[in-house]
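Below is one structure, written out as structure tokens; the observations come after it.
The values are calculated or read from the model by the stated rules, or taken from the named source; none is laboratory data. It should be emphasised that the depicted structure is a prediction, and the values quoted were computed from it without experimental measurement. Glycine also receives a Cβ, built like all others from the backbone with ideal geometry; neighbour counts cover every protein chain displayed. These accessible areas exclude ligands, DNA and RNA; they are computed on the full protein's heavy atoms, side chains included. Shrake-Rupley method; radii C 1.70, N 1.55, O 1.52, S 1.80 Å.
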Amino acid sequence: MAEAANEKKAQQFRERITPAVVDQAIAAAKKATDSGRIADWNDTEQRYLTLRQRGRSVRWIVRAYGLSRKIGSATGIHVDPTYLSLRDAREKAKQVYADMAGGKLDQAPPEAAPEVLKPPTWTWADLDREYQAMIAKPRWINRRMKPASQGTCDDVRLAFAKPSYQALHPLLLTELNRPLLNEARNGVVPRDPDKRAGVHRQREKCVTYFRAAMSWAADKHPDESGLTEDVDRWWERLTAGEPRPEEMAEITARQALHRDRKDKITVEHIGAVLARHEAYCAGRTAEDKISPGIRFGLWWVCFTANRRFSTVKLRRGELIEQDEFGEAGWGRAMWPADTMKAKEPFWLPLPRTVVDIALGSIADYTQLVKNRHGDWPSQWVFASTRREGRNPENDDVSVYPNSLNRHLLRMRRDGALDGLPYFSLHLARAAMTKFLEKRISPVAASLVLAHSLPDSEKEMSPTTREYYSVSQRMEEKAEAMGAWSDALAQAFLNAGGTMPKPSASPPTRYYKAKKLR
């Protein structure tokens, strides 16, 4: 009872526990004079893990299901046999949390437990690892190769990284059950308590990907996973549950707001956004300059309605300035299947205005590099000014898709879009759809937006005029692109803009990346 009362009086912090936080707790312990005073750092990554400083002690605690269990000390390395580093504490906390979830609350210290042999079948940690490795590679589905989707890989990684799912890692797949997974699902909570609408969607994703992983294990690896034919496929009956009434209200309101924004956006509004964008870019100086990939990337999204990922993953080698099959001045952009959401190769005819947008990005970026380093080519049309990506071996990085979103957020924050209807990158697709459905045809809108249409039954070669005309239907796309680009360019001019040109002529601007070694 006294311990519970002390916990209620403890000073509480909610943040991700890092080495700096551990150092802070240890420093506080060294200065402590009151042995009854408690400070708790509650982790946001593993929400059941707490770092507790009480007097001169600093200990790791797991709190869940109304219980609290000490798992080790954060001090006394080489001295205290219960010492756990931050990494070790996280690993042990997963096991203890799983034991709590499964009702296994044996308080015997780990060293007193008998040696546990490696289980002959997969744990949830094994399936998590194997499933993510599988979806990261091309797969053979319905007699054709399906490229890996980076978006799906990221979604699965984030879903399975939720603390409540990570806590189940030590359990065998045959030990999992519906109550445990419902607990894990309910353990997915919003980071911001005031934003609950997205939680139900995240729970849906977690449940969907868990079901898919378990079914894959049962179908493809029954012996290794232990999910043989005689095992009930209980996971297929899992659901995401129902959103709470307040969540329903938030979701409904968000859907209504999105519909309203789609209804209001027009080609004239996007032209005005581009005019404000150019003025905003022109007003930035020195280190605040907008990079060519961001500046011209927004133009490209508005004129092509490409998604963010396909925009930034357009390679220079897949951009043709003059299409041999097109009209004079018309170019062509091509994307392989792995860069498209539908996982099909996609070609798009480019009016001269759109070709110049791509060439402007390349020219401006090239000049930036030349101002500081000389020739340093990139494979990307919209190259990043960061020459080092997440992979340190990669020194040729495209603009990150979310960077385009962040640019719009900064413009909105700085008041550059005041007085205009709300605009986001995806709303460019809505505006183009409405325009093309009215001026050309719904089919033309679907073709330009790379929406799936029924497959042709004919065999076609990508190097022939037949493929160009029938499979990619470039003539219909060209009609749609011509009408949209003319209307958007005119809307931009009507808003007081002048068509963009490269702006990195020497010596006005310098490249900000690290120097070559």
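Less than 9 Å Cβ to Cβ from I440, Lys/Arg counted +1 and Asp/Glu -1: what total charge do the surrounding residues give?
Its environment carries a net charge of -1.
For E183 and R56, calculate 0.36 nm times their separation in residues minus their Cα-Cα distance, and state this gained length in nm to one decimal.
42.2 nm
Residue-wise, which Karplus ³J(HN,Hα) couplings in Hz belong to the stretch 260-274, taking 6.51 cos²θ - 1.76 cosθ + 1.60, θ = phi - 60°, and x for glycine or proline?
5, 5, 5, 5, 7, 6, 9, 5, 5, 5, 5, x, 5, 4, 5
In what sequence, highest mean first, do 479-487, 267-275, 69-77 appear when ranked by Cβ atoms within 10 angstrom?
In descending order of packing, they fall as 267-275, 479-487, 69-77.
Estimate the FRET efficiency between L409 and D230 by the formula 1/(1 + (r/R0)^6), using the beta-carbon distance for r and 60 Å for R0, to the nearest 0.05.
After rounding, the FRET efficiency stands at 0.65.
For the stretch 120-233, with all protein chains present and a 1.4 Å probe, just round the carbon and sulfur fraction of the accessible area to a whole percent.
Here carbon and sulfur together make up 48 percent of the probe-accessible area.
So who's got an amide H within less than 5 Å of the one on F346, skipping anything under 5 residues away but keeping other chains? H placed 1.01 Å off N, in plane.
The answer is W335.
Hey, with R₀ at 51 Å, roughly what FRET efficiency would T239 and R14 work out to, going by the Cβ-Cβ distance, to 0.05?
0.95
Amide H of I38 versus every other amide H placed in the peptide plane: which residues, excluding those fewer than 5 positions away on the same chain, fall under 5 Å?
Q11
Per-residue counts of other Cβ atoms within 10 Å, averaged by peptide: what ranking do you get for 22-28, 52-58, highest first?
52-58, 22-28
In whole Hz, with x marking every Gly and Pro, tabulate ³J(HN,Hα) for the stretch 422-429 from phi via Karplus 6.51 cos²θ - 1.76 cosθ + 1.60, θ = phi - 60°.
My calculation for the stretch 422-429 gives 4, 10, 10, 4, 5, 5, 4, 5 Hz in order.
Rank these residues by their accessible area, most exposed first, probe 1.4 Å: K501, K262, K438.
The ranking, largest first, comes out as K438, K501, K262.
Please give the peptides 293-302, 149-158 ranked by average Cβ packing (other Cβ atoms within 10 Å per residue), highest first, as a rough proxy for protection.
293-302, 149-158
Quick one: plug the Kirkwood hydrodynamic radius of the stretch 213-334 (C-alpha pairs) into Stokes-Einstein at 4 °C, 1.567 mPa s, and report D in µm²/s.
63
Under the Karplus relation 6.51 cos²θ - 1.76 cosθ + 1.60, θ = phi - 60°, what is the ordered set of whole-Hz ³J(HN,Hα) values for the stretch 315-324, x standing for Gly and Pro?
So the J values, rounded to whole Hz, are 8, 4, x, 10, 10, 10, 5, 10, 6, 5.
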